[in-house]
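The block underneath contains the structure these notes are about, expressed in structure tokens.
The values are calculated or read from the model by the stated rules, or taken from the named source; none is laboratory data. In this text the structure is predicted, and so the values were computed from the model without any measurement. Cβ: placed from backbone, ideal geometry, glycine included. Neighbour counts: every protein chain shown. For the accessible areas, the whole protein counts, side chains as well, though only heavy atoms, and no ligand, DNA or RNA atoms are used. Shrake-Rupley method; radii C 1.70, N 1.55, O 1.52, S 1.80 Å.
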Amino acid sequence: MPRPQTTLFAATIFLSAFLLFQIQPISARFVVPWFGGSAAVWTACLLFFQIVLLLGYLYAHGSIRFLKPRAQAIVHTVLLAVSALAFSLVPSPELKPTGTEEPVGRILLVLASTVGLKYFLLSTTGPLLQAWYAARQPGESYPYRLYALSNLGSMLALLGYPVIVEPFLSRYQQVTWWTGGYLLFAVLCAVIALTVPRQQAPTESGADDASTAPAPRFRQYAYWTFLAAVPSALLLGVTNHISQNIAAVPMLWILPLALYLLTFIICFGRREWHGGRVFLILPMCFMAAMAYYLLKDNQHQGIALLLSVFLGGLFMCCLLCHGELAHQKPPARYLTGFYLMMSLGGALGGVFVALIAPSVFNAQYELPLSIGACTLVALVALFQTRDKPHFSASLGSLSALTPMILYTLIGGAGDQVRDCRLSVRDFYGTLQIRDYGGGDEDPDAYRALTNGTILHGTQFLSPLRRREPTTYYAATSGVGRSIEATRRGPTASSGQRVGIIGLGTGTCAAYARPGDHYWYFEINPQVIDLARSQFTYLSDSPGKVETVLGDARLSLEKMPPLGLDVLAVDAFTSDSIPVHLLTREAFQTYFRHLKPGGILAVHVTNRYVRLQPVVENIARDLGKRAVVVDDPDGADSTGINTTEWVLVTSDSTVLSRQPIKDAAAPVESGSGLRTWSDDYSNLFQVLK
């Protein structure tokens, strides 16, 4: 093939892959806020992209197998033209959830109605153009190198988004630039479709030896699917584990996917790849390390160590599985079928983690199961290399490591529910109830609610102490002081009105008095069930307490002004940042529900991100006054945790009241930051 045509193929495939993975975080920016901003939403988005990728590969396989070259070109060009004109990338407000829908199905619907057709056409590009490329020079081409090139484009798109795109472009600017790139891709792909294919996939003997190679059997197709499903499940399992138990920073959702893609580049970038088999001991060691740090007593190590173990383990396991796929790749005439099985495996891995596991399991067992499946891949790879010189060394290592890995995985799975009073799971995560201490007779005994390894509230079991506010909501906390300060205002005689975004155990209801009215906004229905069945803050409260199911911001936007004295924002699952709750537009919604002298209390305690300057910047932009109430000595008291709350109000005189005046301090300035809005945010600027 002439060099200009080869360049055209390479440029089109690279651009399509870049756009394919650039649209994932862009579209997630619109979808994630509607469903609470948690990592589970990103997992559901990945599931959608895996399913559409499977459909794209199925189209490519069917097109090559059943259509003549000219028909392939015409059909594909028509679809490109339709996709360029169809659908807006910005979801319609009519698709916003009401709070009662099944979230995964609604997320898939929103994405399908916006990026679905364009993503489908982009996903067909890799296998289809590689087949066309191989058809033009059957004796000398290596089309799988183009697959490595496409994964390079995908990885650069992912890594470039949080570093280059998100900090400098608003959401709508991102959509505009991406749409321009898609139109360029559509033109390039149409040129190739109308000018290049003149024959079907290669049938002559050559480098691929396609004329003598037997067609893959069902067993081979099944093994390709398994080899693709294992790393896909590992990808989502590790992403969930990192988000819920190690460092729930949204930018880390992208890093595992980038490492996953990097292994494709390494394994398919050359004709032969044997590294996964030669260095078989490395993935086994990482599997052992991941299994060890899944044990309950080992989950609270340093963040650098845990990220190194789980991200390194993901990389080595994907290198093993994708290396096996590359080692078993068929001749080019069977290329589209090979890619179809890979995409099927990827989709099955995503379905297992995103749909089956939350419905079937009561804890996060999918990661241990995925590691165990990868151990099986290592054993199969070992015995396929028994005639190689490194077989004996690998056999000894695997013989020692495999029982240890499986034993530790079983122990880690058991650890997840050990000593649990109750363990439940849904789309939003795993919730567990545990009792500590000597029971009702022990004045310090308490019951705790956790999400992953993060505490979401406690309550003393003793009847004498069970109405004491604990953890992040003690009397010395910012929200406790805000409730007390606004009681002394003119509304004290008519009852206090308080809103809390994020229910937890319902601790703040302990402050309610007869005549008070409290609203809790909670997106997870299981949290509401547990707060009512396992804790008594809500039932013991003498005031009126309502729970509103759904994303808090969407709920507040629909409700008439509530005239609140205090609105507490504490919906940060683990340490993740639901950015849509920390934007200028969100604060405007909050103040629509606050009285002129009301207080917005924002819980900004976080291990990884400095949220004080973000809140201060928005407050200053809206002409509000803000102070911080830091309770560093809270951990010295039984049942009380160290907290940071930023208090924002339109009336600065309320901040001079006791007990706020005694604890208020200046907020960390956000003058060097651009104000966060629904259209712009930049977590890089506020990382600790």
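Remarks
- Global form of segment 315-362, assessed from the alpha-carbon gyration tensor, a/c cut-off 1.5: oblate
- Net charge in the neighbourhood of HIS517 (other residues with Cβ under 14 Å of its Cβ; Lys, Arg +1, Asp, Glu -1) is +2.
- Förster radius 45 Å - calculated FRET efficiency between ASP419 and SER652, Cβ distance, rounded to 0.05: 0.40
- Applying a threshold of 29 Å to the alpha-carbon distances of LYS544/LYS595; LYS558/LYS595; LYS296/LYS544 flags LYS296/LYS544 as lying beyond it.
- Segment 533-610: C-alpha gyration tensor shape, a/c 1.5 cut-off, then a/b vs b/c: oblate
- Percent of alpha-carbon pairs separated by more than 46 Å within the chain: 26 percent
- Kirkwood-type radius of segment 529-683, with distances r between different C-alpha atoms, in Å: 16.8 Å
- Once both labels are positioned 7 Å from their Cα atoms along Cα-to-Cβ, the gap between ILE356 and ALA222 label points is 1.5 nm.
- Note on GLN685/THR98: beta-carbon distance plugged into 1/(1 + (r/R0)^6) with R0 of 41 Å gives a FRET efficiency of 0.75.
- Where both bridge residues fall in the chain, DSSP classifies roughly 60% of the beta bridges as antiparallel.
- Cβ-Cβ FRET estimate between GLU484 and LEU305, R0 fixed at 41 Å, reported to 0.05: 0.45
- When the square roots of the Cα gyration tensor eigenvalues are ordered a ≥ b ≥ c, the ratio a/c for segment 580-661 is 1.5 or more and a/b does not exceed b/c, which makes its shape oblate.
- Accessible surface of segment 495-574, 1.4 Å probe, proportion on carbon and sulfur as whole %: 53 percent
- Evaluated at q = 0.10, 0.18, 0.20 Å⁻¹: base-10 log I(q)/I(0), Debye formula over Cα of segment 22-127: -0.32, -0.86, -0.99
- Taking the empirical scaling 2.2 N^0.38 Å for compact globular proteins as reference, segment 61-102 has a Cα radius of gyration ratio of 1.93.
- Helical runs (DSSP H, four residues minimum) scored at -39500 (n - 2.57) apiece and divided by the length of the chain put the mean residue ellipticity at 222 nm at -16500 deg cm²/dmol.
- Under the span-like rule (Cα at least 27 Å along the axis, Kyte-Doolittle mean at least -1.0), DSSP H helices of the chain: 3-31, 39-66, 116-136, 171-195, 218-241, 303-327, 391-415
- What segment 435-535 shows is 37 Å² of accessible area per residue, with the surface traced by a 1.4 Å probe over protein heavy atoms.
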